[in-house]
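Down below is the structure, laid out as structure tokens.
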Amino acid sequence: YSQPIVGGNWKCNPASHSTLPTLVSNFEGVADYLSDCDVYVCPSNLHVSLVKDSFVPGISVAPQNCNFGGCGAYTGEMAVDQIKDLGLDTVLIGHSERRGEFGLPTPKESNELMATKLKYILDQGLKCVFCIGEPLPVREKGIEAVVEECTKQLEDIVPILKELEDKSRVVIAYEPVWAIGTGVTASPSQAQETHSALRSWIATAVDAKTAEGIRIQYGGSANAGNAKELSEMDDIDGFLVGGASLKPEIVDIVKALM
Ligand code: 13P
């Protein structure tokens, strides 16, 4: 897990596409760091095509979701095949806002469905950011419950990870649900404890090569103010940034990893 990785998840923003050039330009300052840090941006589905060629070269544009079965009768969905056809190489899946942790959407996206999506994405030769995380009631029960919940979200992809030759193609984004959009960040030691436990679990459930090669990003109210401290933790390989990725401070978040 050598090269850090930072993602900007714009979620369902901005309201007007006229704002896109400003949001894209916030990432210009990242150009200097791209040889030492992977950077991807997840614009809303409607905006992907509008911005995909506007970023400085080296920044990946990654849709926020995809379906599990390619093109066909899937109204309202996006197929990996279409994503690939646009020249995009990464997809984000399993965000808690898709898994239904915020009550949206219905039905919930299950762990099993996530595994099917991941397999499809990898079979098509693309990379994947795979989001996991626990809600507040689980965090309140303590670290063991947290690890149990998060590893439950990973269990179904164990066979897929075992087979994966290039471990850098899958990035796990650990996003505690209680930290998303709340301004409450996991403390560096809290995040490290979880990342490290997840990596150990991967070493046992999958294998040592995967545990070493897979990157684990932290997400949840990451910003320019807390990125440095978090980035100093051994098992934090980067960030998945929501709110702050809509602001110029995204550059400082990347810089924190240098
Ligand atoms: P915030 O950084 O706004 O908390 O969002 C995190 C997130 O959900 C990124 O996917």
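Bear in mind these aren't lab numbers, they're just calculated from the coordinates by the rules spelled out. Just so it is clear, the structure is predicted and the values come from calculations on it, not from any experiment. Here Cβ is always computed from backbone atoms with ideal geometry, including for glycine, and neighbour counts include all displayed protein chains.
Observations, loosely collected:
- Considering only VAL51, VAL61, VAL177, the mean-square fluctuation computed in a Gaussian network model of the chain, springs between alpha carbons under 10 angstrom, is largest for VAL51.
- Taking a ≥ b ≥ c as the square roots of the Cα gyration tensor eigenvalues, the chain comes out rounded, since a/c falls below 1.5.
- The chain, relative contact order in percent, only Cα pairs under 8 angstrom and at least six apart counted: 22
- Near GLY242, the amide H atoms lying under 5 Å from its own belong to ASN9, GLY220, SER221, ALA222; only residues 5 or more places off or on other chains count, and H is placed 1.01 Å from N.
- Over 26 Å between alpha carbons, listed pairs LYS141/LYS255; LYS117/LYS209; LYS52/LYS119; LYS52/LYS247; LYS117/LYS228; LYS11/LYS162: LYS141/LYS255; LYS117/LYS228; LYS11/LYS162
- Residue exposure proxy: VAL254, VAL170, ordered by other Cβ atoms within 10 angstrom of their Cβ from fewest to most, comes out as VAL170, VAL254.
- In terms of surrounding Cβ atoms within a 10 Å radius of their Cβ, SER25, SER245, SER196 rank from fewest to most as SER25, SER196, SER245.
- Whether segment 65-208 is rounded, prolate or oblate, judged on the alpha carbon gyration tensor where a/c under 1.5 counts as rounded: oblate
- The trypsin sites (Lys or Arg not before Pro) of segment 88-191 that meet both conditions, a loop assignment by DSSP and at most 16 other Cβ atoms within 10 Å of the site Cβ, are LYS108, LYS141.
- Taking a sphere under 13 Å around the Cβ of SER187 and counting the other residues whose Cβ falls inside, with K and R at +1 and D and E at -1, yields a net charge of -2.
- HN-Hα J in Hz across segment 55-64 - Karplus 6.51, -1.76, 1.60, θ = phi - 60°, x for Gly and Pro: 6, 4, x, x, 8, 8, 9, 10, x, 7
- Global form of segment 34-127, assessed from the alpha-carbon gyration tensor, a/c cut-off 1.5: prolate
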